[in-house]
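Below is one structure, written out as structure tokens; comments come after it.
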Amino acid sequence: MPRLPLYHVDAFAAELYSGNPAAVCPLSEWLPDSVLQAIARENNLSETAFFLTGGPKYPLRWFTPGGEVDLCGHATLATAFVLYRYLEAPGNRLEFHTRSGAVWVQRDGERLTLDFPSRPPVPCPAPGALVEGLGGNPEAVLRSRDYFVLYRTEAEVRALRPDFGRLSGLDCLGTIVTAPGDECDFVSRFFAPDQGIPEDPVTGSAHCTLVPYWAERLGKEVLHARQVSQRGGELFCRLRGDRVEIGGSAVCYLEGEILLP
């Protein structure tokens, strides 16, 4: 019976049981998409990352329980962690080839920093289902890959209890909600019910939109962020032209094998 290695990693976390869990599966060659999707569905984590070993440039794909996505931060961070910790990848910079082009991860001690494309949001009409599904009193609605909904305070963002039925069917991958932070530059939460992820614990790719917005609003390039989900996560960010740097730590929860039929 064929076996695949599996690593369950908590990304954007300094200790276990925090941050965002991702499954990471190294492959020697691509399996059929139906098999990759079935594995992601069985793992039932917000993301499963699959990558081809061998390097020096690593093809990388990400699957939610509901489908493949074009960019994922925490599962990329988890993949880099596995390459360095378990597969002895050389150097301090890894290059991945993805549906969103080349992305990089830089190692600096225990911190891993993503180098992702910037996706600034632009103002847009607010769908009724979006505002009704989120609740509260948003200050503005913008959009990039995801809807981007601005609130006035961190307390408002923490207090949201979304109606995921109302948020399902929106014409985007997910919904970012954000506000100025009480003890950091900004906070956020992320909802993607159509992808099988009612609330994502920590969303690296959402910061491709959050960072350029808050960098312009606050007039600074280096930003400290928190995603205030139940598990929570801390991110150290920098806007660098049309790229966004998103840094954090990772820890491994589980090493195992998948038994393929």
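Among the acidic types (Asp, Glu), closer than 15 Å to ALA250 by Cα and assigned to a loop (DSSP other than H, G, I, E, B) - does that describe any residue in the range 13-28?
yes
Contact list please: Cβ distance under 9 Å, first residue in the range 9-29 and without any contact (Cβ under 8 Å) to a residue 12 or more places away in the chain, second residue buried (at least 24 other Cβ atoms within 10 Å of the Cβ) and part of a strand (DSSP E or B), pairs at least six apart or on different chains.
Within 9 Å, no pair qualifies.
Suppose we keep only residues that are modelled with pLDDT of 95 or more and of a type in the set (A, V, I, L, M) within the range 112-130. Which one would you say is surrounded by the fewest Cβ atoms within 10 Å (Cβ to Cβ)?
VAL122
Does the range 235-242 include one or more residues that are among the charged types (D, E, K, R), closer than 24 Å to ARG158 by Cβ and either touching a strand residue (DSSP E or B) at 6+ places or on another chain (Cβ under 6 Å) or not assigned by TED's automatic domain parsing to the domain that holds GLY101 (or both)?
Within the range 235-242, none of the residues are among the charged types (D, E, K, R), closer than 24 Å to ARG158 by Cβ and either touching a strand residue (DSSP E or B) at 6+ places or on another chain (Cβ under 6 Å) or not assigned by TED's automatic domain parsing to the domain that holds GLY101 (or both).
Would you check which residues across the range 211-238 are buried (at least 22 other Cβ atoms within 10 Å of the Cβ) and within 18 Å of GLU47 (Cβ to Cβ) and list them?
GLN227, GLY233, LEU235
Any residue at all in the range 65-80 that is outside the structural domain of ASP171 (by TED's automatic domain parsing), modelled with pLDDT of 95 or more, part of a loop (DSSP other than H, G, I, E, B) and over 21 Å from LEU173 (Cα atoms)?
No, the range 65-80 contains no residue that is outside the structural domain of ASP171 (by TED's automatic domain parsing), modelled with pLDDT of 95 or more, part of a loop (DSSP other than H, G, I, E, B) and over 21 Å from LEU173 (Cα atoms).
So which residues in the range 32-58 are crowded, with 17+ Cβ neighbours inside 10 Å and touching a residue at least 40 places away in the same chain (Cβ under 8 Å), if there are any at all?
Selection gives ILE39, SER46, PHE51.
Go through ALA179, ALA155 for me and flag whichever is surrounded by fewer than 16 Cβ atoms within 10 Å (Cβ to Cβ) and either among the small types (Gly, Ala, Ser) or in a strand (DSSP E or B) (or both).
Testing whether each residue is surrounded by fewer than 16 Cβ atoms within 10 Å (Cβ to Cβ) and either among the small types (Gly, Ala, Ser) or in a strand (DSSP E or B) (or both) leaves just ALA155.
The values are calculated or read from the model by the stated rules, or taken from the named source; none is laboratory data. For clarity, every value in this text was computed on a predicted model and none was experimentally measured. Cβ atoms come from the backbone with ideal geometry, glycine included; neighbour counts cover every protein chain shown.
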